[in-house]
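The values are calculated or read from the model by the stated rules, or taken from the named source; none is laboratory data. In this text the structure is predicted, and so the values were computed from the model without any measurement. Note: ideal-geometry Cβ built from the backbone for every residue, glycine included; neighbour counts use all protein chains shown. Calculation scope for accessible area: heavy atoms of the full protein, side chains included, ligands and nucleic acids excluded. Shrake-Rupley method; radii C 1.70, N 1.55, O 1.52, S 1.80 Å.
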Amino acid sequence: MKTEGWGRRNLGYWAGAGILLAAFALRVFRLGDANVWWDEGLAMWAVRKSFWETTRWTACDVHPPLYFWTLWPWTRLVGYGEFGARFITVMVGLLTVALLVPLGKRLGGWQLGLLAAGLLAVARFHVWWSQEMRMYALAALLHVAALLALTRWWETRSRRAWLAYVLATTGGLYTIYLSAVILVVCNLWVGGQWVVGWWRNRQSSTVNRQLSIFSPLFPWILAQLVILALFIPWFGFAAGCMSSWSVAEPVNYSFVLQLQATLLTLGISTNLDTVLPLVVGLTLLLGAGGVVLTRQRAARPYVALLLLVLALPSLVIFALALPRGLFYNPRVEARYFLPFAPPVYLLFAWGLLALARWRRLVGVAALGCVLAAFAWSLPQQYADRTLHDDLQGMVQALRAYARPTDRVILVSGDRYPIFLYYYDRLMPNDRPAVEQVPHSAAKLAPDNVDRELRRVTRDQDRVWLAWVNGPLQDPQELAPDWLKQHYKTSLSYGFAHNSLTLFTPDGAPPVLTQGPTARDIHASVSGQTFIQGYDLPTHEYSPGDTLRLGLYWNGPAAQGVVRLAPLGNGPDNRLTRVSRPAALPAGPSRAQVELPIVPFMAAGDYRFELVTGEGGTTFGRFTVRGTPASGPSTPATPLEARLGEGVRLLGLSLLDERGQIVQQLRPETTVYADLFWQADAALPADYTVFVHLLGNQFNSASGGPVWAGHDSPPANGLYPTSWWTSGVGLRDRHPLELPADLPPGDYQLEIGMYDVRGERLPTAGAQADPAQRRILGPTLRVSP
């Protein structure tokens, strides 16, 4: 018997270790492979201050200081990188999973604790917020600790449990103010238990037994007074500057409940209606387990506690979102439910065990359904975790030329935490000061622009303008105009809708002050010319991204071409080859080259090739991931047609939404025309591609025979033709939305390019119609 008990206990330990290992792996996977978002950037901006300044800042914010007090020393220990700064939240999430085991054991035994920990380990909702640099996972840990201490104290009256409850609850209040809900839950439960005990013993004739009913009330009331005494100093300190504003939107309680149910079951916070049937099914299944569970008389007190944790937060979150003028009025957000989620997974596990004890097969099937839903949802957590070039490329360009005495003017709206995060991380210690403009108004206007900019440019010869979502604060672009009137432009880089510009008195090209960030190389192009190194904002890219290569060059001025080439035995598809002309100024200098990661570029490792008139070299490495598998990589209909002097159309494929070849057209559907281009020479201008579906009948909507069409630059503007060089291959997709009134008959595609004046490029070849300057595709049919 002892051996059997030891064996079961040993099995439980191994199961617990496996659960913790899985929880750790799921939370650390691709942890650093996502850009810092606004709230994370604000947290990093706050903890870069002194400890006292961080404390004073959070007093005026909408969150208490405990998470920031934790993050402040942690970042000084491990640094400010995405992985390191987020890792503390991973450990907090892991501790929460571990702490659910003893809480479950106390409420219903080892099996309950292990199953609850297992569900929490793989729940997407908790994995999600265990990978964020925010305080909600810490609040969840403290809430579980408070419930564990409460239940232990209620059963044993242990002083240690009493103290643990006080510390955990106070810690929760110092983490998020919403932790007051867990305080209310605990008081409601203790009050309910006391009323039940009083009712059962109200007719007792024993005085001692009657007095014993009141014995837990005195230490409990004392605990609440101690918690209040510990929290009042902070609240008094913060009350004087606490923010008060509203971002709430109209919301109804049914939406709050739907959001809570979807988060707890699938961890999804958007497009809730698309998964509503699955969420309803899982909710009914888990609810059935709860109904069976309430038949167990001994479990009812603790089931009531967990039901309070499930029900009360949604009511409070809804109430806080109602319009009012006091304190912070937030919109309903997914993160507000996270601190109360772990005990709910304990309730789920308890219901599943109750079903299994009632009907084993039913319980096993229910658990299988829940785990299958979790397994379907969880991979979506990692699908978009890729580090994009948010503002890293801008800061790297600034780093290359900036002097410590320069001044950086930041016009960014509310994007300043993201810019400052990368600025503080990537710039050297002796970096220029950053001035946010405007300083004294919400937006720049004609009546304040001169005052604002004279203040920050006084006695400055070199001024940088970092334009980051600038129209949010400068919709009339007054800052760039003012600087152009008082300075000359020495250097300018574009970063999609953002830009970086250096203004100086004479407009002379700047001199490099820093070398490559971390990729020093010495690749020779010729005897007198070599590449010193390069900047690359991130090492992974996805189709649709733009790769911005900062190339450090030493040699005479030259015209070159930068190509992206597969590394080693990597993917090589001649129809997704990318290159870009590069003007290399006399060195030492830095040239920025933008290269598109086109939609169908094969996943794998790539290198750079630089070719000039003097020779060529290869260098560097990066990875393309996330390429969708959509249709064949070669044209279903080969063509032999030419446009202008330098472009060939090698073929086309017409695909449906599943990527299958379309054999017949159907009204009210969308088909995709994949065009396969190849450049035989560099193109002098940007051209727009047109793809039109022509019918034999007149279409009143288009005023002609065109029944569907799509006009856009290649790759939806990602890879304009002026970037093409000889050898470029591109698979270019154009959607065609077929109308509901598409009549039966024969149709044909016409394909071509036109310039900014609307003039079509001349065409030649077997499928060309030179008179109309178009290429004709195969005949397509719509059946009656």
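Below is a table of values for the structure above.
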{"item": "Region 445-466, residues that are open to solvent by 10 Å² or more (accessible area, probe 1.4 Å) and closer than 16 Å to Ala508 by Cα", "result": "Gln460, Asp461, Arg462"}
{"item": "Residue match in region 407-429 (condition: surrounded by fewer than 19 Cβ atoms within 10 Å (Cβ to Cβ), part of a helix (DSSP H, G or I), out of contact with any Lys or Arg (no Cβ under 7 Å at 6 or more places or on another chain) and of a type outside the set (Val, Ile, Thr))", "result": "yes"}
{"item": "Selection from region 577-595 of residues that are aliphatic (A, V, I, L, M) and either surrounded by fewer than 22 Cβ atoms within 10 Å (Cβ to Cβ) or within 20 Å of Val624 (Cα to Cα) (or both)", "result": "Val578, Ala583, Ala586, Ala591, Val593, Leu595"}
{"item": "Filtered residues of region 292-326 (kept if in contact (Cβ under 8 Å) with a residue 60 or more places away in the chain, of a type in the set (Val, Ile, Thr) and farther than 21 Å from Leu266 by Cβ)", "result": "Val292, Val316"}
{"item": "Residues being at pLDDT 85 or above and surrounded by 11 or more Cβ atoms within 10 Å (Cβ to Cβ) - total across region 233-250", "result": "4"}
{"item": "Some residue of region 259-272 being over 24 Å from His143 (Cβ atoms) and exposed (fewer than 14 other Cβ atoms within 10 Å of the Cβ)", "result": "yes"}
{"item": "Selection from region 456-474 of residues that are touching a Ser or Thr at 6+ places or on another chain (Cβ under 9 Å) and either farther than 22 Å from Gly494 by Cβ or in a loop (DSSP other than H, G, I, E, B) (or both)", "result": "Gln460, Asp461, Arg462, Val468, Asn469, Gln473"}
{"item": "Matching residues in region 621-670 - criterion: being more than 30 Å from the chain's Cα centre (by Cα), among the β-branched types (Val, Ile, Thr) and either part of a strand (DSSP E or B) or buried (at least 19 other Cβ atoms within 10 Å of the Cβ) (or both)", "result": "Thr637, Val647, Ile661"}
{"item": "Residue match in region 104-123 (condition: under 21 Å from Trp234 (Cα atoms), touching a residue at least 60 places away in the same chain (Cβ under 8 Å), open to solvent by 10 Å² or more (accessible area, probe 1.4 Å) and within 28 Å of the chain's Cα centre (by Cα))", "result": "no"}
{"item": "Residue selected from region 671-683 under the condition within 14 Å of Gly777 (Cα to Cα) and out of contact with any helix residue (DSSP H, G or I) (no Cβ under 8 Å at 6 or more places or on another chain), by the criterion most open to solvent (accessible area, probe 1.4 Å)", "result": "Tyr672"}
{"item": "Some residue of region 240-253 being more than 30 Å from Trp52 (Cα to Cα) and free of Cβ contacts under 8 Å to residues at least 60 places away in the same chain", "result": "yes"}
{"item": "Scope region 69-88; condition touching a residue at least 60 places away in the same chain (Cβ under 8 Å), open to solvent by less than 50 Å² (accessible area, probe 1.4 Å) and not in a loop (DSSP other than H, G, I, E, B); matching residues", "result": "Leu71, Glu82"}
{"item": "Any hit, region 719-735, residues being without any contact (Cβ under 8 Å) to a residue 40 or more places away in the chain and within 19 Å of Gly644 (Cβ to Cβ)", "result": "yes"}
{"item": "Any hit, region 183-202, residues being outside any helix (DSSP H, G or I), polar (S, T, N, Q) and either at pLDDT below 85 or surrounded by 12 or more Cβ atoms within 10 Å (Cβ to Cβ) (or both)", "result": "yes"}
{"item": "Residue within region 706-713 that is within 26 Å of Gly745 (Cβ to Cβ), of a type in the set (Gly, Ala, Ser) and touching an Asp or Glu at 6+ places or on another chain (Cβ under 8 Å) present", "result": "yes"}
{"item": "Subset of region 467-492 (residues that are among the basic types (Lys, Arg) and crowded, with 17+ Cβ neighbours inside 10 Å)", "result": "none"}
